[in-house]
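Since the structure comes first, as structure tokens, the remarks are kept for the end.
The values are calculated or read from the model by the stated rules, or taken from the named source; none is laboratory data. Fair warning: this is a prediction, and the values are worked out from it, not measured in the lab. A quick note on method: Cβ atoms are made from the backbone with ideal geometry, for glycine too, and the neighbour counts reach across all protein chains shown.
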Amino acid sequence: MGDILQTGNERMVHYLTGLPNAGGYLQNISMLSRSKNLQEYTAFYFNLKSFGNLNIRYGADAGDKVLLQFTAKVSSFLEEDELLGHLGGDNFVALVKKDRKEKFCRLLNGIDATIRCDNRNEKVRISATIGLWDIDHDLREAGEVIGKPSIALQHAKYVLHKPVVKLTDEMLNRVSTQKSVLEKYQKALEDKEFLVFYQPKVDSMTNTLVGAEGLVRWKDGDKMISPGVFIPPLEQNGEIVLLDYYVLKRACEDIKAWIEAGIEPVTISVNFSRRDLLDQDLAKNIDKIITKSGIDKKYIEVEVTETVDEQEHGELAKFISDLYDMGIKTAIDDFGAGYSSLATLREFRVHTLKIDRSFINTDDFSWKDEIILKHIINMAEELKMQVVTEGVEREDQVGFVNNVGCYVIQGFYYDRPLPIEEFNERLRNKVYSSLK
Ligand code: C2E
Ligand code: MG
Ligand code: MG
């Protein structure tokens, strides 16, 4: 490896491997760029799969030794004008010529190391998860050689679940949207730029409005942004809870206004993200908001989705049970979409089960779906839960859903999520006469 780094400058190298750290790596990049065109290179960011487990199993000393063996092998692969850096932990960066990048990925895909354990040598195979960026322009700033492949690595680990991922424009757009959402969020909340739309739930036997779901929209200037864009970054950042409280407050205010105007409201369900469970006082705060608004609790229902995470499952069960004790209704959203389990039906004291639209989002309904749905709905009803099917768009879907025993429907067949002015009309006249 071209060790352009000045020796003697200890702050520029990693204490364990002696490889350049972030500062040293960037300095090396800038020196390399004086003699080479960086567009001939691919920038890598990688870390080791299951390195945490290895540390736990064999101890941190053994982990350090593995890192040293790993870096020795990677270093020996590199040519004079290629670079390697160790940012800390098991995070590495490298600059490798484009025509050698596949070979480099293959190397990182399986490096053997030896661990001394109980007086004998044990072989372990180390492989990396890799984000890479084919440098395609003159650098605007040196940090791009670390930041860009790190975006690809994040996608590799958390979005695509693949061992090697190359940076794309779509990933960059996603990151820039996320950044702008997070930057504008607080002010948008203060400026009341978030609006609540209401999507009717209709009893398909009588074509009567029986409830609605409050769904948030962001009015950013003249753009109306959908929750699919801004909720994921807010969830990742743990900031969604403020928005969820806000939506609940707005729904309570709207209900109060309907009552004051002499219009009989329906129960409004409001979504709470599972990330909100991090707030220890979630149930208490929800209760406070409803109580403070002065409306009857029967008008509110809290929607949450299931989880596969065991710890989260416990927290969710407690949250639902707390709300139950406070007299606040709950619903399990998107049931059947992921890893639904019977434990959900058994353990959660929920009032409503919302069947996910994936069950009916098909042109020909499978007999298996039909049997599964029939039994889920039957069970739910015997357990005294209400059942709602989401995402019903067509008449044949209404027929299918009715046939399996579900009559309350939320979907475009009746209405899209409506701005409050239009929803007011539905409340005034609750019967969908034209569909009869
Ligand atoms: P969700 O809670 O499952 O809400 C139902 C989504 O399905 C809504 O999308 C709704 O517009 C859409 N939908 C309803 N009927 C149909 C149909 O017939 N066909 C199709 N194709 N779609 C239908 P929306 O409003 O874009 O919301 C997406 C998701 O964003 C929601 O899924 C919910 O998970 C989340 N969300 C919305 N508002 C909030 C909020 O205030 N807080 C939190 N934490 N999440 C929210
Ligand atoms: Mg929902
Ligand atoms: Mg849903």
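Identify all residues within region 343-366 that are under 15 Å from GLY405 (Cα atoms) and either touching a Cys at 6+ places or on another chain (Cβ under 8 Å) or without any contact (Cβ under 8 Å) to a residue 24 or more places away in the chain (or both); write none if there are none.
Hit for region 343-366 is ILE355, nothing else.
When the residues of region 309-349 are filtered to those that are more than 15 Å from ligand 1 (Cβ to nearest atom) and aliphatic (A, V, I, L, M), which remaining residue is farthest from PHE359 (Cα to Cα)?
The selected residue is MET326.
Within region 75-146, which strands (runs of 3 or more DSSP E) (wholly inside it) include 2 or more residues that are surrounded by 15 or more Cβ atoms within 10 Å (Cβ to Cβ) and among the β-branched types (Val, Ile, Thr)?
91-97, 111-117, 120-126, 128-134
Only one of ILE376, ILE332 is in a helix (DSSP H, G or I) and assigned by TED's automatic domain parsing to the domain that holds LEU282; which?
Matching residue, one of ILE376, ILE332: ILE376.
Of the residues GLN410, GLN386, GLN397, which single one is within 16 Å of ligand 2 (Cβ to nearest atom), more than 27 Å from the chain's Cα centre (by Cα) and polar (S, T, N, Q)?
GLN386
Pairs, please: C-beta under 9 Å, at least 6 apart or cross-chain, first residue farther than 18 Å from PHE365 by Cα and more than 6 Å from ligand 1 (Cβ to nearest atom) and in region 384-396, second at pLDDT 95 or above and of a type in the set (Phe, Trp, Tyr)?
Matching pairs, first to second residue: VAL387/TYR407.
Within region 334-343, can one find any residue that is away from ligand 2 (no atom under 16 Å from the Cβ), among the polar types (S, T, N, Q) and either under 29 Å from the mean Cα position of the chain (by Cα) or crowded, with 19+ Cβ neighbours inside 10 Å (or both)?
Yes, there is a match, as at least one residue in region 334-343 is away from ligand 2 (no atom under 16 Å from the Cβ), among the polar types (S, T, N, Q) and either under 29 Å from the mean Cα position of the chain (by Cα) or crowded, with 19+ Cβ neighbours inside 10 Å (or both).
For LEU353, work out the one condition from (1) within 16 Å of ligand 2 (Cβ to nearest atom); (2) in a loop (DSSP other than H, G, I, E, B); (3) not hydroxyl-bearing (Ser, Thr, Tyr) it doesn't fulfil.
If we test LEU353 against (1) within 16 Å of ligand 2 (Cβ to nearest atom); (2) in a loop (DSSP other than H, G, I, E, B); (3) not hydroxyl-bearing (Ser, Thr, Tyr), just (2) comes out false.
Could you please find all residues in region 395-436 being surrounded by 16 or more Cβ atoms within 10 Å (Cβ to Cβ), among the basic types (Lys, Arg) and assigned to a loop (DSSP other than H, G, I, E, B)?
LYS430
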